[in-house]
Amino acid sequence: MLMPCQGCLPSSRAYAATLFPPHPLTAVHLTHAEPGPRQEHPHMSQKPHVNILSPEFLTNPHPFLKQLREQDPVYWSEETRHWLLTRYEDVQAGLRDATRFSSQSSETFVVRDEFMQHLRPIITHFSMWAVMKDNPEHKRLRGLINQAFRPENLKDIQVRARQTAEWLIDQVQDKGEMEFVNDYAYALPALLFAVEILGMDRSDLTTFKQWSVDLARATGRIDNLDIMLKGQDALLAMTDYITRAINSRIEQPREDFISFLVKAWREESKLTLEEVVAQMVLLLAGGHTTTQNVISQGLLALFKHPEQLEILKKNPEPTRQAAEELYRFTSPAQAPTRIAACDIELGGKLIKKGQGVMPMVVSANRDATIFEQPDELILTREKNPHLGFGSGNHVCPGAFLARLEIPIAFEVLFRRLPNIQPKSSHEDWNMNLSFRGLSTFPVVWN
Ligand code: HEM
């Protein structure tokens, strides 16, 4: 509901602005791009302007998001043409309430009409992902995706995860250094999920990584046609690759997830061929990128909180509590998308039917009304209802796997390389709105 006008009293936002001055990197504009349902009071018209595609935001979004939570929690982002929801309660509603916030948001990736003619293939593909569907289509596809995580597929997964992590460290231990993102944080989930569970060939992982990076960048830089086109090329290459894998399973079925989907398509008509390909891309690209980002961002966060790092070094396997804190603190899937299914009044604004909405998970997970000392990494944090894996129907189906492999990744790392440290103080952020993380992270040890 709309808040009543506060008369001539100083508005709470104006007051908050004196307590929390705008971040120095943020330009403050007097204009208000997308008018809400009522005339703004003059005292309330000075709104922050935050460009969520700017390098400053993508390098460190937290000061900007804090400012939005406090001053303009339902914020129209002109650069992405989405409403940003930044408070915990609103983000949770955005993720869960499918009657108001539809997931069929693939077209909102096109921020300029003139881009559409070039981006039809990628938009059509996105529209087939389970994450871009509402019920009943979502339920149908999600039921099939869940099968990738059935107990037969995850048998011995803990043992396999540990063996894979140990093997990866064996490859680099004598060198005294590695590029952590590529050599460990990406390689572990890729080997475990793509190869062991989905059935991809190990030799294709390097090519696949580049495709995943290019595709993830496209979802995170929707203002830039060149980046979107590069992502579209990567997507087309991925779909060719997966189509070849599908053909080989038609000729010779195996005990893997691709064969399972092929059967569901050919023998049970539970989905189409295009949908098989789309779910495989979603699983492959989404699964690695997020897990990799928690592992690499998590390590960086630990280096920046030496007292927390000491806790892990003394007892390398993170407790469940510690691991949850790493998911909250890193929040790599920072900005899921929705589209307003009807006119929605929220936070004094009118979100019009058909407009894009981003429930900013990364912001909800730092909301001081829910989390004490939200900007601190506290591995012993007790109350931690973070939204890092989403919420509601679309809650992450890979969370079980991520929760299993990430603690093992850290346990093996700190046990085998107890003196690991960053090679330099430079931070190479990936500039990606959808999947926040590091592009590279050189580390050394002795
Ligand atoms: C730490 C690692 C991970 C994080 C932080 C994460 C985060 C998320 C979030 C926030 C969503 C909800 C998106 C939305 O509501 O629009 C989601 C959905 C999804 N995730 Fe994950 N994820 C992780 C790991 C994985 C893994 C390992 C896989 C697969 C192997 C995976 C596959 C998926 C899929 C298929 C969906 C769409 C589900 C649906 O729409 O029903 N994720 N993930």
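Quick notes
- Residue satisfying condition, being over 21 Å from residue 104 (Cα atoms), touching a residue at least 40 places away in the same chain (Cβ under 8 Å) and in contact with a His (Cβ under 7 Å, 6 or more places away or on another chain), within set 367, 375: 375
- Here is the figure for the stretch 378-415: residues that are in contact (Cβ under 8 Å) with a residue 24 or more places away in the chain and assigned to a helix (DSSP H, G or I) total 19.
- Flag for residue 261 being under 18 Å from the mean Cα position of the chain (by Cα), part of a helix (DSSP H, G or I) and within 16 Å of the ligand (Cβ to nearest atom): no
- Filter result for residue 331 (touching a Lys or Arg at 6+ places or on another chain (Cβ under 8 Å) and either at positive phi or surrounded by 22 or more Cβ atoms within 10 Å (Cβ to Cβ) (or both)): yes
- Residues being hydroxyl-bearing (Ser, Thr, Tyr) and in contact (Cβ under 8 Å) with a residue 60 or more places away in the chain - total across the stretch 185-224: 3
- Yes/no for residue 115 being more than 16 Å from the ligand (Cβ to nearest atom) and of a type in the set (Phe, Trp, Tyr): yes
- For the stretch 237-264, a residue qualifies if it is surrounded by 16 or more Cβ atoms within 10 Å (Cβ to Cβ), of a type outside the set (S, T, N, Q) and closer than 26 Å to residue 151 by Cα, and the qualifying residues are 242, 245, 246, 249, 256, 257, 258, 260, 261, 262, 264.
- Looking only at the stretch 113-147, and only at residues there that are assigned to a loop (DSSP other than H, G, I, E, B) and out of contact with any strand residue (DSSP E or B) (no Cβ under 7 Å at 6 or more places or on another chain), the one that is surrounded by the fewest Cβ atoms within 10 Å (Cβ to Cβ): 136
- Boolean, residue 161 is farther than 18 Å from residue 417 by Cα, within 14 Å of the ligand (Cβ to nearest atom) and buried (at least 21 other Cβ atoms within 10 Å of the Cβ): no
- Complete set of residues in the stretch 399-418 that are within 11 Å of the ligand (Cβ to nearest atom) and not charged (D, E, K, R): 399, 400, 401, 402, 404, 406, 409
- Members of the stretch 275-328 found to be among the β-branched types (Val, Ile, Thr), out of contact with any Cys (no Cβ under 9 Å at 6 or more places or on another chain) and buried (at least 20 other Cβ atoms within 10 Å of the Cβ), listed by number: 276, 277, 281, 289, 291, 294, 295
- Residues considered: 234, 194. Of these, the only one that is among the hydrophobic types (A, V, I, L, M, F, W, C), at pLDDT below 90 and crowded, with 21+ Cβ neighbours inside 10 Å is 194.
- For the stretch 375-396, the criterion of being within 16 Å of the ligand (Cβ to nearest atom), under 30 Å from residue 169 (Cα atoms) and small (Gly, Ala, Ser) is met by at least one residue.
- Residue within the stretch 419-430 that is within 16 Å of the ligand (Cβ to nearest atom), assigned to a loop (DSSP other than H, G, I, E, B) and basic (Lys, Arg) present: no
- All conditions in (1) within 16 Å of the ligand (Cβ to nearest atom); (2) under 23 Å from the mean Cα position of the chain (by Cα); (3) closer than 22 Å to residue 275 by Cβ hold for residue 124, with the sole exception of (1).
- Only one of 200, 228 that is farther than 23 Å from residue 412 by Cα, in a loop (DSSP other than H, G, I, E, B) and not β-branched (Val, Ile, Thr): 200
- Residue 80 being within 16 Å of the ligand (Cβ to nearest atom), buried (at least 21 other Cβ atoms within 10 Å of the Cβ), closer than 19 Å to residue 197 by Cβ and modelled with pLDDT under 95: no
- Residue 165 being in a helix (DSSP H, G or I) and at pLDDT below 90: no
The values are calculated or read from the model by the stated rules, or taken from the named source; none is laboratory data. All values derive from a computational prediction rather than experimental measurement. Note: ideal-geometry Cβ built from the backbone for every residue, glycine included; neighbour counts use all protein chains shown.
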